1. If you count, for each residue, the other Cβ atoms within 10 Å and average over each peptide, how do 198-207, 50-59 line up from highest to lowest?
2. Using +1 on the beta carbon of Lys and Arg, -1 on that of Asp and Glu, and nothing else charged, what's the dipole of the chain about the Cα centre, debye to 20?
3. Quick check on packing: order 311-322, 287-298 by the mean number of other C-beta atoms within 10 Å, highest mean leading.
4. Rounded, prolate or oblate: pick one for the range 154-257, where a ≥ b ≥ c are the square roots of the eigenvalues of its C-alpha gyration tensor, a/c under 1.5 means rounded, and failing that, prolate if a/b is larger than b/c, else oblate.
5. Suppose R0 equals 35 Å. What FRET efficiency, 1/(1 + (r/R0)^6) with r the Cβ-Cβ distance, do residue 83 and residue 167 give to the nearest 0.05?
6. What whole number of Å gives the distance from the Cα centroid of the range 39-63 to the Cα centroid of the range 131-185?
7. In what order, largest first, do 352, 100 sit by accessible area if the probe radius is 1.4 Å?
8. Given the peptides 81-93, 325-337, arrange them by the average over their residues of other C-beta atoms within 10 Å, most packed first.
Amino acid sequence: MISVSGKQMLWMTEGWLIYELSGSKLLLGANSLAQAVPATALALLGGALADRLDQRRLLIVAQMTDALILAVVAALCFLRIVEVWHVILASFLHSALSVFEQPARQSLFTHLVDRAALPSAIGLSTTVHPGARVFSPVVTGFLLAWVMGATGSAMLAAGTIFVITGCGLAVYTFVLCFLQVPPIARARGGNLLSNTVEGMRFVWTNRIYASLIGFVYVNMLFAHAMHVLFPVVAKDVLGMGPEALGMMSSALGIGSLIGALIGARWMAARNQGRWTVIGSLVVGGSAILFGLSEWYLVTLAVLWISGVGSSIFSVAAQSSLQLMVPDAFRGRVMAMWGMTHSSVRPVGEMQFAGVAALTTASFALVLGGLVVIAFTLLIALPNRSLRRLNITEAYPARREGASHGG
């Protein structure tokens, strides 16, 4: 929770600082592209490494390196010499490290609880990101406003947030150093390239994995990535400052937390396919309303609804993957899932920023929501295996296979 809170503060601050320094929507998209390149090129390699190496040690190295990068960027901010390309380069490096961190963390997580409790544990784990989003954006917005008001410098304000984020990573690393991990069966034989190809073949052969992951990609690309336009909406549409930016993110976070809690209680172990469709329709509709709103309180309400739908969708999809995939392939499959945030999210942000630059932010949001609804009704809903997915039926058989190495 501490580490994720810091990361969310970082993501919000990077976009804010770039827009403050340049005023360019296209550079927001360029920052997203810088994150997408390493995440796309290295994602499957990161998954293969997670299946072969000690995940705890891999996580420690990744977090220590990430903290070092943050320290350098913070120093540039405090010296008041930071430029947009410094921020974009840091985003590139953060993204490259997340390629190794995410599949290792996802693979490690399932071995820390009894398998009988895994559905509820997965649902509970999905509350971390939305839970952090409830307060971290508000804290970030007010800190940015307070430091900038006191110093008159966006650089000093951003540098303060970067230091706080680095402290969060330090706490995460400290906990990992003392974490007791049971023996884990690892992928054997072949090299990294053959292991990577094997993982891709596994997902393609078992089409339910490909359907779920593809559905998640579309939602991220055309709806969830809309947060890249929060600085634009807050400043240009609502005519407000960083405090409003923080409240918008928190409204989304509160909705996401409520949706995750509902999902952990009622959706983590039943009727997954139905809930992915419902969650997707809510997210798409919310994106349209967000694009049409010109009133602050209405915008907050719409973002709250979007957060609920987003978490319902995510809990249903992620719990299905985690419970069905065999341990030997978990790192590689979850690396493909992780590309939702490390690769697809930046591409989605670039898509939103590009369309907004050519037209308006409102048009970009409405268009994205329409695409999500169309995909859900015309492609996802007619897919029988996806629509009828029920983890209470799939889980026992897959669990037995996984216990024998998949």
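The values are calculated or read from the model by the stated rules, or taken from the named source; none is laboratory data. Because the structure is a prediction, the values reported are computed rather than measured. All Cβ positions, even for glycine, are placed from backbone atoms using ideal geometry, and neighbour counts span all protein chains on display. Side chains are part of the model used for accessible areas, which takes the heavy atoms of the whole protein and leaves out ligands, DNA and RNA. Shrake-Rupley method; radii C 1.70, N 1.55, O 1.52, S 1.80 Å.
1. Values: 198-207: 15.0, 50-59: 20.5.
Result, highest mean Cβ count within 10 Å first: 50-59, 198-207.
2. Working: 25 positive and 16 negative charges, 239 e Å.
Rounded to the nearest 20 debye, it is 1140 debye.
3. Values: 311-322: 26.4, 287-298: 17.7.
Ranked by mean Cβ neighbours within 10 Å, highest first: 311-322, 287-298.
4. Numbers: a/c = 2.86, a/b = 1.50, b/c = 1.90.
Oblate, because a/c is 1.5 or more while a/b does not exceed b/c.
5. Working: r = 25 Å, r/R0 = 0.70.
Efficiency computed from Cβ-Cβ geometry: 0.90.
6. Taking the Cα centre of the range 39-63 as reference, the centre of the range 131-185 is 22 Å away.
7. Working: 352 0, 100 45 Å².
Correct descending sequence by accessible area is 100, 352.
8. Numbers: 81-93: 18.2, 325-337: 24.8.
Going by the mean number of other Cβ atoms within 10 Å, highest first, we get 325-337, 81-93.
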